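To keep things clear, I will list the structure first and then write my remarks on it.
The values are calculated or read from the model by the stated rules, or taken from the named source; none is laboratory data. This structure is a prediction, so every number in the text was calculated from the model and none was measured. Positions of Cβ are generated from backbone atoms using ideal geometry, with glycine treated the same way; all protein chains shown enter the neighbour counts. With ligands, DNA and RNA removed, areas are computed over all heavy atoms of the protein, side chains included. Shrake-Rupley method; radii C 1.70, N 1.55, O 1.52, S 1.80 Å.
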Amino acid sequence: MSKAFDKRDGWIWMNGAFVPWESATSHIITQGLHYASAAFEGERAYKGKIFKSKEHTDRLFRSAEIIGIKIPYSPSEIELAKSELIKKMNFENCYVRPIVWRGGQQMGLSTNNADIHVAIAAWDDWHSYFNEEDRLKGLSLITSPWKRPAPDTAPYEAKASGPYIICTMSKQFAEEKGYNDALMLDYRGYVAEGTGANIFFIKNNEIYTPIPDCFLNGITRQTVIEIVKTKGFNLIEKHIMPTEISSYDEAFLTGTAAEITPIKSIDNISYNVGNNTTGYELMNDFTQLVNSTL
Ligand code: PMP
């Protein structure tokens, strides 16, 4: 078993300097912890280089701005910090987690005197969000009782910590029942996404994915859309009702951590998985793309 996340060796970039991993702490009285006053990123480096690094940094700044936080560094300083961290940790393939949060200078909901903190950590033993075996067999999903909220209820374009409690509760709901993940519907009842990944469906030459109008338009999602268009599939973004999903042949999740992960079932609906499927082919195309040094 890997070491607990708060007891590791190495370095964390924190507020402008590299500090030993175990010293990168924050006080218990922290606005970020109590009120989820935080935004973060999830990135992945392949062969020492973060895939779509600039896009992730831009999203971090956008997320922070949406929740009212001004990051006290420039995007290029964050870019540099990320690449230096990976070098300092001697990582080739790793997960990278920048986070920005309001600290303990001001408690309560007011943000007037808030102190803003930024940290970046990286680790290399979280190869897949789902374990490797599950990924190859395909994941089992159950529909969550929790819904993605309306755009005027939660900041859906921000990768902000607050809304993640819905994902955590959905994931817990699924895992307690023996499923790998949950399918989340949105406030209108349309199919939205997984708990930490976007969703796609395949039928013959057509690939369907929900319109990201109340959930994160993932960077992986956007990449996969490009891949499938280049490969000649007909990509259709539409509102998908849960009653429609039994008509699709295959389904898969996309995300930085999940990459492309086929789905074998949602509730009592089964999907094709395995070597001869389109999902498997796309999984390999994605691996090739992220590992190419272009
Ligand atoms: N939706 C949610 C809720 C997520 O947490 C993620 C992972 N960041 C995604 C979608 C996929 O986003 P990306 O491809 O940018 O990692």
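Peptide packing for 219-226, 197-204, 232-239, 169-176 was compared via the average number of neighbouring C-beta atoms within 10 Å per residue; ordered from the highest value, the list is 197-204, 219-226, 169-176, 232-239.
Taking every protein chain into account, the 1.4 Å probe leaves H27 with about 130 Å² of accessible area, to the nearest ten. Take the alpha carbon gyration tensor of the range 181-294, find the square roots of its eigenvalues, order them as a ≥ b ≥ c, and report rounded if a/c is under 1.5; if not, report prolate when a/b exceeds b/c, else oblate. The shape class here is prolate. Where does the charge balance sit around V96 when Lys and Arg score +1, Asp and Glu -1, over other residues with C-beta under 9 Å from its C-beta? Here the charged neighbours net out to +1. Separation of the range 92-137 and the range 171-209, taken as the distance between their Cα centroids, equals 23 angstrom.
For the range 75-152, with all protein chains in place and a probe radius of 1.4 Å, 50% of the accessible heavy-atom surface sits on carbon or sulfur. A 1.4 Å probe run over the chain, with the rest of the protein chains in place, finds 48 Å² accessible per residue.
Assuming R0 = 30 Å, can you tell me the calculated FRET efficiency for the pair S270 and N291, based on Cβ-Cβ distance, to the nearest 0.05? For S270 and N291, the calculated efficiency is 0.45. Estimated from the Cβ-Cβ distance and a Förster radius of 30 angstrom, the FRET efficiency linking Q106 and Q172 is about 0.45. Seen through its C-alpha gyration tensor, with square-root eigenvalues sorted a ≥ b ≥ c, the chain comes out prolate because a/c lies at 1.5 or above while a/b is bigger than b/c. Taking label points 7 Å from Cα along the Cα-to-Cβ direction, N90 and L235 give a separation of 4.0 nm. The relative contact order of the range 207-270, computed from alpha carbon pairs under 8 Å that lie at least 6 residues apart in sequence, is 34 percent. If you sort the three axes of the alpha carbon gyration tensor as a ≥ b ≥ c, you get a/c of 1.5 or more for the range 5-93 and a/b no higher than b/c, which makes it oblate.
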